[in-house]
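Report on the structure given below.
Read the figures in this text as sums done on the coordinates, not as results from a lab. Every value quoted in this text rests on a predicted model; they were computed, and no experiment measured them. Positions of Cβ are backbone-derived with ideal geometry, glycine not excepted, and every protein chain shown enters the neighbour counts.
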Amino acid sequence: MPISNPLLALGLSTIVGALVGYFTNVVAVRLLFRPYRPVRILFLRVQGLIPSKREEIARRLASIVSSYVSHGDIAEGLKPAITSALRERIRRGLREAIGDGLLYSIVGGYIDSIASRLADYIASLLESFVLRDAAREVDVSEIVARKVSELNPREMEELFKRLAGRELRFIELSGLVLGGVVGLLYGVVSLILGL
């Protein structure tokens, strides 16, 4: 039964189109992640895209990350941590070696300065001779691939939502807008054609 009021018909087709567009995009976004495990529906095996491709995603992500992170970056990242740890250990070692006696009253105020200089010197030696070679042994690609592969599907979903949560929401809402536009166009065409 056709609706006699043209504005009501346009409004109704716009609302229906918007709801259909929104809910289909919501379902599409959810199907990226769920179901976590394969489920049989009639003759189909259904599983979320990301859980079903977890190993492949891990390898691709690892490849991308390792192409941006060099061994020099790893060495550079380790240097401040090593220097800081050395500084603290040397300071503690000097403090224990000197004790609380007369020697401490003479050089106690210089312990932090001495520890910093020694730590900087040792760290620069380590960087020159050891750190760069050790960094070459770090396989960033393997580490990233292993870590991503170890994530369970729920953790992967959370990771993707942290990375692209706003964008996923935009996809859902764009379905609302596009569906509304399609519904409005359908309503206009229906009115023109007298359907």
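Observations
- In the range 1-33, the residues that are of a type outside the set (A, V, I, L, M), in contact (Cβ under 8 Å) with a residue 24 or more places away in the chain and closer than 20 Å to Phe170 by Cβ: Gly17, Gly21, Tyr22, Phe23, Thr24, Asn25, Phe33
Here is a yes/no grid of residues against (1) within 25 Å of Arg136 (Cα to Cα); (2) in contact with a Ser or Thr (Cβ under 9 Å, 6 or more places away or on another chain); (3) in a loop (DSSP other than H, G, I, E, B); (4) of a type in the set (Lys, Arg):
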| residue | (1), (2), (3), (4) |
| --- | --- |
| Gly21 | no, yes, no, no |
| Arg37 | no, no, yes, yes |
| Leu61 | yes, no, no, no |
| Ile64 | yes, no, no, no |
| Lys79 | yes, yes, no, yes |
| Ser84 | yes, no, no, no |
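- Number of positions in the range 1-39 that are under 28 Å from Phe160 (Cβ atoms) and either surrounded by 15 or more Cβ atoms within 10 Å (Cβ to Cβ) or within 25 Å of the chain's Cα centre (by Cα) (or both): 19
- Residue within the range 40-54 that is surrounded by 15 or more Cβ atoms within 10 Å (Cβ to Cβ) and polar (S, T, N, Q) present: yes
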